[in-house]
Amino acid sequence: MAAEVGEVPVGAVLVMDDEIISGAHNEKELSLDPTAHAEIIAIRKAAEKLGSWRLDGASIYVTIEPCAMCVGAMLQARVKQVVFGAPDPKGGAAGTIVDITSLKGLNHKIQVIGGLLEDDCREIIQDFFRGRRD
């Protein structure tokens, strides 16, 4: 869906207690908002739906490794776990370029699991950018 409207096809789904609370895709181009990453939007929707900014116990599933801004938002929201498909060699902040989740002194820790459907996720992103170059 995101790619169909010219957005980088990154999606995020936030889950709590085995229930999907929210989902989103990138909307930077659509909203002209540099913070409109899939993870940020999914976190905002979940907080609104639950009536709390504290998303204790939540897991967020993302197409590619989150950037520094998104990891920061996950830390602020007290997300328990992030699961991503493909690493992001140009902006990954959960282990590829930097690992914000492992910084000492943070009052919250996030479990990071990378590589879920990695080849499929990488292909989605690569196909999108290949199409834009052609």
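Quick look at the values:
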{"quantity": "Residue under evaluation Glu4, criteria (1) assigned to a helix (DSSP H, G or I); (2) in contact (Cβ under 8 Å) with a residue 12 or more places away in the chain; (3) open to solvent by 20 Å² or more (accessible area, probe 1.4 Å), criterion not met", "calculated": "(2)"}
{"quantity": "Index of the failed condition, Ala94 passing every other in (1) more than 15 Å from the chain's Cα centre (by Cα); (2) modelled with pLDDT of 95 or more; (3) buried (at least 17 other Cβ atoms within 10 Å of the Cβ)", "calculated": "(1)"}
{"quantity": "Residue match in region 115-125 (condition: of a type outside the set (A, V, I, L, M, F, W, C) and open to solvent by less than 70 Å² (accessible area, probe 1.4 Å))", "calculated": "yes"}
{"quantity": "Single residue of region 108-126 satisfying the filter (more than 22 Å from Val15 (Cα to Cα) and free of Cβ contacts under 8 Å to residues at least 60 places away in the same chain) that is nearest to the chain's Cα centre (by Cα)", "calculated": "Arg122"}
{"quantity": "Restricting region 7-56 to residues that are under 27 Å from Glu123 (Cα atoms) and without any contact (Cβ under 8 Å) to a residue 12 or more places away in the chain, the residue that is least open to solvent (accessible area, probe 1.4 Å)", "calculated": "Ala36"}
{"quantity": "Of residues in region 57-77 being surrounded by fewer than 17 Cβ atoms within 10 Å (Cβ to Cβ) and not small (Gly, Ala, Ser), the one nearest to Ala2 (Cα to Cα)", "calculated": "Met69"}
{"quantity": "Residue match in region 31-38 (condition: modelled with pLDDT of 95 or more and over 18 Å from Ala2 (Cα atoms))", "calculated": "no"}
{"quantity": "Flag if Asp99 is in contact (Cβ under 8 Å) with a residue 24 or more places away in the chain and of a type in the set (Asp, Glu)", "calculated": "no"}
{"quantity": "From the options Asp33, Asp88, residue that is under 12 Å from the mean Cα position of the chain (by Cα) and in a loop (DSSP other than H, G, I, E, B)", "calculated": "Asp88"}
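Condition check ((1) charged (D, E, K, R); (2) within 18 Å of Gly114 (Cα to Cα)) across all residues:
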| residue | (1), (2) |
| --- | --- |
| Ala38 | no, yes |
| Lys49 | yes, no |
| Gln76 | no, no |
| Val79 | no, yes |
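The values are calculated or read from the model by the stated rules, or taken from the named source; none is laboratory data. Not measured: the values here are computed from a predicted model. When we count neighbours, we look across all protein chains shown, and the Cβ atoms used for this are built from the backbone with ideal geometry, even at glycine. Only protein heavy atoms, including side chains, enter the accessible area calculation; ligands, DNA and RNA are left aside. Shrake-Rupley method; radii C 1.70, N 1.55, O 1.52, S 1.80 Å.
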